[in-house]
Structures are given as C-alpha cells and as structure tokens.
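These notes are about the structure you will find just below.
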Amino acid sequence: MGAIELKAVEKWFGDAQVIKGVDLAISDGEFIIFVGPSGCGKSTLLRMIAGLEETSRGQILLDDRDVTDQPPSKRGLAMVFQSYALYPHMSVGENMGFGLKTAGRPAAEIKAKVDEAAAILKLEPYLDRRPRDLSGGQRQRVAIGRSIVREPTAFLFDEPLSNLDAALRVEMRYEIAKLHQTLDATMIYVTHDQVEAMTLADRIVVLEDGRVVQVGTPRELYNHPGNLFVAQFIGSPKMNILPCQTESGTYHLNDQPKGSYAHDRPATHLGIRPEAITPCAVGQGQCDGVLDVSEYLGADTYLIVDCGALGKITVRIAGDTDLRPGAELGLTFPESLTHFFDAGGLAVTA
C-alpha cells in the first residue's frame, strides 16, 4: 500500500512561510507530479513527505498512519535525487545492494533483489562496472535500482532527469513510465519540465508561491485551466491571453463584437491555444495582425503575429507555410475552444 495524504501542511523557515496549507490525497499506485516555477515549493513539499524537512504544521499520513514526526528511516519511502549519489569505488551491483547490506540482509537475498531490479531496468550487463564507466542515463537507472531493491511504500523523484541531455531525457521518461507500469507503485515526481509532467502523470499538482492552485489529469489541466497561471504554465507554446470585454451575451476584442458569451460573470481576458487558431484573410477572423516571426520546426511551424493592442499572438500550424515576416493576415478561432478569465484571473465557466 502507498496511499499518502497531506492535511493542512505548512512549512516555515523563520518568519518566511514557503508551504501554505497544502491539502492533497494521493491514491495507492498513483503517479503524481508536482510542477511549478522555481521557488514555488515543490521540492520542499517532496522533502517534507520524505521526512528530510520538518513539517511546521499539519499532518502527513501514510496509509492512514501519521508519520509527520517520524524520521525518513521509519517512513518506508525511497527517494531518487537529481544527483546520482553513487559510490564511485563500488560496482553497479554493490551500489544497488548497499542499503540492504547495511540493514544486515542475507547475501543471497541481496543478490536476488539486485538481479530482479537489474532485469527491470536492463542493467544486467553493467552489474560489475563502476559508475564512471556508465552514461548519465545508466547512472540514473542505477540510482532508481537502488530504490527498487528496498521495496518501498512509494518512490519520490526530485527532478531526476534535469542533469541529462535532451535525448537521454526522452529515453529516461520512457523508462520511468514503463517502471511505473511494471511496479504499479505510488510515485511522486518533481519537475520544472511540463513535458515530463504531461507525458508521465496520472495527475498533476500545480504549485504557485507555496500553494496548490489546481490538481487534475494532464487533459483536465490543458483543456480546463482553473486560472490564468495554469492556463499559461501548462502547454507549449503557452496559451495566448487577450484583453477582452463582455456584455449583453457578446465578447469584444478591440471594442468590436467578435462572438457570443454565455457566462454569468464578466470576463476581462480571453484565452486561446496556439493550435486552435487558423490564419485567414484580413478582416475575416477575430483579429488582424502582421507576421513578426516564423519558426519552422519540421512537423510544425510557429507564427508570432503582432496584433497591436491585443499583443503578440502565437499560432501553431502543421508543417510549413508560405507566409513570411511582414505579411498581413487575419486570425480565426472557434468559440468552442475559447477560455475566459475574470479580473481576478479565475476561469469563468458556465
């Protein structure tokens, strides 16, 4: 079992409060990812769950057992850090089994568990090598294997892929996803990379300034952001946010009526994803602009369009385009894909 619950958890460093009353329930076997900008408290919250940071107020429950004041050794959790922290004088197998050895487990048991973890992580050919003979991705797999052999209640990952290059990050994302499918264990993962969050998580916890601002599946956060912060943080390129006015069942851009508005609360901002926008002839869409920059990425092209008072709008189109910087064009998007936010930044829903 690996159900974890946080109840009104707070963390203070002197007079500075860095975690501000977090409530969160994590189910057994769930893959949860904490995301947010630097300094939002995601790593601190993970370390509090692990017992590496003291909890100032509130409770941390593990399978309904209060572990708030228990040391890390009593919590049965395994943590994988950004740095591999491998012993350079030990082989891969010795590194993976060291925790069991210090716990006094029999040699036969240690070997069986190390061999099992090595098979899961495809490390069998490297068990006799030293860490210096491995790639970055292989070293990270060894660090994960060291956690697997302990058979923890849950795995905690603190930005484990941030030291790897782009190609290795893609490879390790796949490895971690397969590992979760194989072990069916609870995993809590901290990252600043929203691609990791969107591709790995069962649910994403978005933090801002020590608070949880929204929790949901990747699709829920992408399609139904609860506020402006989530709308622009989740998604790459980020959602376009345009100033708007609403009245009498209509929304206005640049004081011109552009579409129906079927909500009770007034909105001050309209949001639209880059892929939801289609270039069109001038005067035929919701707004007009001048193409400022065209970014060709092979499968996609990003168009950065200067729309004057509405700001610069990013458009994502499939493949290439004949449009070149300086071209005048209109932009159109369906009402079904628009998002509206009020003056406080909260999403306006029907």
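Relative to the longest principal axis of the Cα atoms of the chain, the long axis of helix 107-121 lies at roughly 20 degrees. Would you calculate a helix-derived [θ] at 222 nm for the chain, using -39,500 (n - 2.57) for each DSSP H run of n ≥ 4 and dividing by the full residue count, to the nearest 500? The helix contribution divided over the chain gives -7500 deg cm²/dmol. Region 22-42 and region 98-147 have their alpha-carbon centroids 28 Å apart. With axes computed from alpha carbons, what is the tilt in degrees of helix 136-148 against the longest principal axis of the chain, rounded to the nearest 10 within 0 to 90? Approximately 60 degrees, to the nearest 10. Among beta bridges from DSSP that stay inside the chain, the antiparallel ones total about 75%.
Taking all protein chains together, HIS224, HIS180, HIS269 sort by accessible area into HIS224, HIS269, HIS180, largest first [probe 1.4 Å]. Size check on region 175-273: the Cα extents along the three principal axes, sorted descending, read 55, 25, 21 Å. When the C-alpha to C-alpha distance is required to be over 27 Å, the pairs from LYS258/LYS312; LYS20/LYS312; LYS113/LYS178; LYS74/LYS101 that qualify are LYS20/LYS312. Under the classification rounded if a/c is under 1.5, otherwise prolate if a/b is larger than b/c and oblate if not, where does region 254-350 fall, given a ≥ b ≥ c as square roots of the Cα gyration tensor eigenvalues? Prolate, because a/c is 1.5 or more and a/b exceeds b/c. Given contacts defined as C-alpha pairs under 8 Å and at least six residues apart, what's the relative contact order of region 127-199, whole-number percent? RCO, region 127-199: 37 percent. Taking all Cα pairs closer than 8 Å and separated by 6 or more residues, the relative contact order of region 238-345 comes to 31 percent. Between helix 92-102 and the chain there is an angle of about 60 degrees, using the helix long axis and the longest principal axis of the Cα atoms.
The values are calculated or read from the model by the stated rules, or taken from the named source; none is laboratory data. What you are looking at is a predicted structure, and each value in this text was computed from that prediction instead of being measured. Surface accessibility is based on the protein's heavy atoms, side chains included, excluding ligands, DNA and RNA. Shrake-Rupley method; radii C 1.70, N 1.55, O 1.52, S 1.80 Å.
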